[in-house]
Each structure stands twice: as structure tokens, then as C-alpha cells.
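Below is one structure; the comments refer to it alone.
All of the numbers you see were taken from the coordinates with simple rules; none came from a lab. No experiment lies behind these values; they were computed from the predicted model shown. Virtual Cβ from ideal backbone geometry, glycine too; neighbours counted across all protein chains shown.
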Amino acid sequence: MPNYFIHETSVIDQNVEIGEGTKIWHFCHVMSHSIIGKHSSLGQNVFVGENVIIGNNVKIQNNVSLYTGIICEDDVFIGPSAVFTNVINPRSFVSRKNEFKKTVIGKGATIGANATIVCGNNIGAFSFVGAGSIVTKDVEPYSLVMGNPAKHRGWISEYGHKLTFGTDDKAICKESGQVYQLKNGRVARIL
């Protein structure tokens with residue numbers, strides 16, 4: 001008896017690993033050799049390509065396709081209709097399966113609804129990609145990016161609040177009380 005839920009309308013190919021407590025909802029398709037961690041959720045009409053890795057406690061909202069080359073670390077949130085690519089210059093008449101680019105979505109990152117992530121660009125841990133943004137380069141950990149193309153607009157806490165740094169280059173998350181430091185153009189949580 002499986003210790004996860006798969007809706008009867010979903011298709012799960014052979015050789016797929018699904019973690020305990022995971023829920024796969026209506027009209028999803030998970031292809032062979034994919035791994036889905038524990039306590040994750042795939043909303044309606046999610047496609048997971050071959051060899052995709054999805055960590056623990058990942059929430060993927062409706063109408064998202066994750067193609068070969070995508071790795072989602074733990075605690076990632078992907079908003080509805082977000083788009084991922086895996087080839088830089090696709091053509092229907094040219095096979096480029098040997099050119100798939102890897103994209104890593106770091107632990108705790110959020111990708112807003114209708115955002116597009118161009119392949120080969122990594123999304124840093126706890127970063128936040130605003131809804132409708134188009135990511136064309138790597139996103140730093142704890143970075144808030146928005147727009148087309150997505151540009152750095154500030155820093156964000158692990159709880160999703162914008163950080164304001166003082167003259168000592170430190171900021172405190174208003175919800176968690178966690179302390180962050182800005183050093184050499186990068187942010188790290190220090191307490």
C-alpha cells in the first residue's frame with residue numbers, strides 16, 4: 001500500500017520514486033526515472049520530465065512543466081503556470097536532447113506565477129522570483145528579482161520579507177527575527 005496519494009487521472013510511468021506523504025493531483029504526468037521527495041505536492045496538470053529531481057516539501061502549483069535538467073531542492077514553491085525551458089535554441093526539426101541545460105532551484109526559493117526561467121540559469125536558495133518575470137541569468141541566494149528581464153530589486157528573508165540593511169550591513173526579518181548580513185554583494189543569514 002503506497003504511503004502517498006496519486007489522483008486516478010494522473011499517469012506515473014515506471015521507475016519513479018515518490019516520497020512518503022506526497023500528493024499528486026488531477027491530470028499530472030510523471031515520467032520515468034524522476035524522483036519526488038517526501039511531503040511534496042503537484043497541483044493539477046503538472047508535467048515532470050525524465051530524470052527530474054524534486055526535493056522534500058516542494059509545492060508545485062497548477063499547469064507547470066518541469067523538463068529534463070530541472071532540480072528542485074527542498075522547500076521550493078513554484079507558482080501556477082511558471083515556465084521552464086531546457087534547450088537554448090530549440091527547433092522542431094533538430095534533435096538537441098544532448099544539449100539539455102541543467103537548472104537548479106535552490107532550497108526555499110519561490111518562483112512566482114507565470115514566471116519564465118530560461119534554462120542553465122540557477123535560482124539561489126531562498127530567493128524570490130516575482131510573478132511574470134523572465135529569468136535570463138543566475139539569481140543570487142536571498143535575492144528578490146522582478147521584471148523582463150528579471151533584475152535584482154532587493155534582498156529577501158527566508159520568511160519572504162524584504163530586508164532593509166543598516167549602516168552595519170545587517171538586517172532583521174520582521175517575522176522570524178533572523179539576522180542577515182550583506183557582505184561583498186551577497187547576503188547570508190548569521191542568526
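Brief remarks on what is shown
- Correct choice for P(r) over Cα pairs in 10 Å bins from 0, in percent that was computed from the model, options (1) 10, 35, 32, 18, 5, 1; (2) 8, 31, 33, 22, 6, 0; (3) 9, 38, 40, 13, 0: (1)
- Ranked by the mean number of other Cβ atoms within 10 Å of their residues, highest first, the peptides 79-92, 17-30, 35-48 come out as 35-48, 17-30, 79-92.
- Each Cα pair under 8 Å and six or more residues apart adds its sequence gap; the mean of these over the residue count of region 37-110 is a relative contact order of 28 percent.
- Long pairs among 162/183; 101/183; 23/101, criterion Cα-Cα beyond 23 Å: 101/183; 23/101
- Taking Cβ atoms as reference points and 14 Å as the exclusive limit, the residues near residue 12 contribute a net charge of -3, counting Lys and Arg as +1 and Asp and Glu as -1.
- Peptides 168-177, 106-115, ordered by how many other C-beta atoms sit within 10 Å of their residues on average, highest first, read 106-115, 168-177.
- Inter-site label distance for residue 188 and residue 134 at 7 Å from Cα along Cβ, in nm: 3.5 nm
- Antiparallel DSSP beta bridges within region 40-95, percent to nearest 5: 10 percent
- Ranked by how many other Cβ atoms sit within 10 Å of their own Cβ, fewest first, the residues 146, 1, 31 fall in the order 1, 146, 31.
- The distance between label points at residue 97 and residue 179 comes to 5.4 nm (points 7 Å beyond Cα on the Cα→Cβ vector).
- Cα gyration tensor, region 1-69 - rounded (a/c under 1.5), prolate or oblate: rounded
- Antiparallel bridge percentage (DSSP; both residues within the chain; nearest 5): 30 percent
- For region 93-108, 3J(HN,Hα) per residue [Karplus equation, 6.51 cos²θ - 1.76 cosθ + 1.60, θ = phi - 60°, Hz, x = Gly/Pro]: 9, 10, 7, 10, 4, 7, 10, 4, 9, 8, 10, 10, 9, x, 3, x
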